[in-house]
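Q: Structure incoming, see below.
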Amino acid sequence: MKKWIRILPLLVIIIVLFIFSGYRFTALSAAKANSFLLKNAELVEEYDTGKSTLFLFKNDNEEVFQTVLSEKHGLLHRSRVSTNVPISAVEIQTVSIFSFTGKDEAATLLSVISNDREVAYIEAGVEPDIERKAIQKGERISFLFSFSEQVESLNATAFNEEGKALFYYGLPKNVSQVHIPEDLKWHKIDDE
């Protein structure tokens, strides 16, 4: 019994240190403890990648979507990485772009909302892993790949019902070599 009395304070100190260093017992609690996650963010969707989990949050007050990565460390989870994408009213709104490589795993997430009635489906991926997903106006779809790739290399393209390409995701074509981050977006194909 005396051993437990001596060990108990040490265990409490270890647990407190783990909690203050960001470790949590569940992936979601680690994501919610991420210091970059905005207050009042609402969970939209969860994506399991194997050892890690990606969480998509939306904050209406700040008008932003946030993607948060929770990584598993033994029995605990820790979240130190997130991305922010401002909410906008463009034809195709990217709500999450996230790519990572971890120990023994990798993943790439692309999640979009279509605000264009003509868009019937979106294709994305890298040969031979090309996926096609139907989409309607106001709907959100997500692509989760088990490899890490720059999102602009996913060849994401939006098509109408007849199979005509309407938009592509990436950098503008026929423009100088200098780009700003805002250049990486959905571009209307007819305009170029």
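Q: Of Thr67, Ala134, Asn34, whose Cα points farthest to the positive end of the dipole of the chain (charges on the beta-carbon: +1 Lys, Arg; -1 Asp, Glu; origin at the Cα centre)?
A: Asn34
Q: Could you check the simple spin-label distance between Ser35 and Ser153, using points 7 Å along Cα→Cβ, in nm with one decimal?
A: 3.1 nm
Q: Enter the Cα centre distance for the pair segment 113-179 and segment 69-102, rounded to the nearest angstrom.
A: Cα centres, segment 113-179 to segment 69-102: 18 Å.
Q: Moving on. Quick one: Kirkwood hydrodynamic radius for the chain, alpha-carbon pairs, angstrom, one decimal? Don't jump to the answer; show the numbers that get you there.
A: Numbers: mean 1/r = 0.0540 Å⁻¹.
Across the chain, the inverse of the average 1/r is 18.5 Å.
Q: Same structure again: When the chain is modelled as a GNM with alpha-carbon springs shorter than 10 Å, which of Arg80, Arg117, Arg24 fluctuates the most?
A: Of Arg80, Arg117, Arg24, the Gaussian network model singles out Arg117 as fluctuating most.
Q: Would you mind checking Lys58/Lys137; Lys164/Lys185; Lys58/Lys188; Lys137/Lys164; Lys51/Lys164; Lys58/Lys164 for any pair whose Cα atoms are more than 28 angstrom apart?
A: Values: Lys58/Lys137 19 Å; Lys164/Lys185 19 Å; Lys58/Lys188 26 Å; Lys137/Lys164 17 Å; Lys51/Lys164 38 Å; Lys58/Lys164 32 Å.
With Cα atoms farther than 28 Å apart: Lys51/Lys164; Lys58/Lys164.
Q: State the three equivalent ellipsoid semi-axes of segment 121-178, derived from the C-alpha gyration tensor as the square roots of 5 times its eigenvalues, in descending order and whole Å.
A: Numbers: eigenvalues 80, 56, 22 Å².
Square roots of five times the eigenvalues give 20, 17, 11 Å.
Q: Express the relative contact order of the chain as a whole percentage, based on alpha carbon pairs under 8 Å and six or more residues apart in sequence. Could the numbers behind the result be given before it?
A: Numbers: 391 pairs, mean separation 24.7, N = 192.
Computed value for the chain: 13 percent relative contact order.
Q: Continuing with the same structure: At 0.36 nm per residue, and after removing the present C-alpha to C-alpha distance, how many nm does the segment from Glu161 to Gln136 gain when stretched out fully? Please report the intermediate quantities before stating the final value.
A: On the way: separation 25, 0.36 × 25 = 9.00 nm, distance 1.09 nm.
Full-extension gain reported as 7.9 nm.
Q: Using just the helices of the chain, give the 222 nm mean residue ellipticity in deg cm²/dmol: DSSP H runs with n ≥ 4 each add -39,500 (n - 2.57), and the total is spread over all residues, rounded to 500. Before the final figure, lay out the partial values.
A: Numbers: 2 runs with 25 residues, N = 192.
Per the formula, -4000 deg cm²/dmol.
Q: Additional query: Which angle from 0 to 90°, rounded to the nearest 10, does the C-alpha axis of helix 2-20 make with the longest principal axis of the chain?
A: Compared with the principal axis, the helix lies near 20 degrees.
Read-outs throughout are calculated quantities, based only on the coordinates presented, and are distinct from any laboratory measurement. None of these values were measured; they are calculated from a predicted model. Note: ideal-geometry Cβ built from the backbone for every residue, glycine included; neighbour counts use all protein chains shown.
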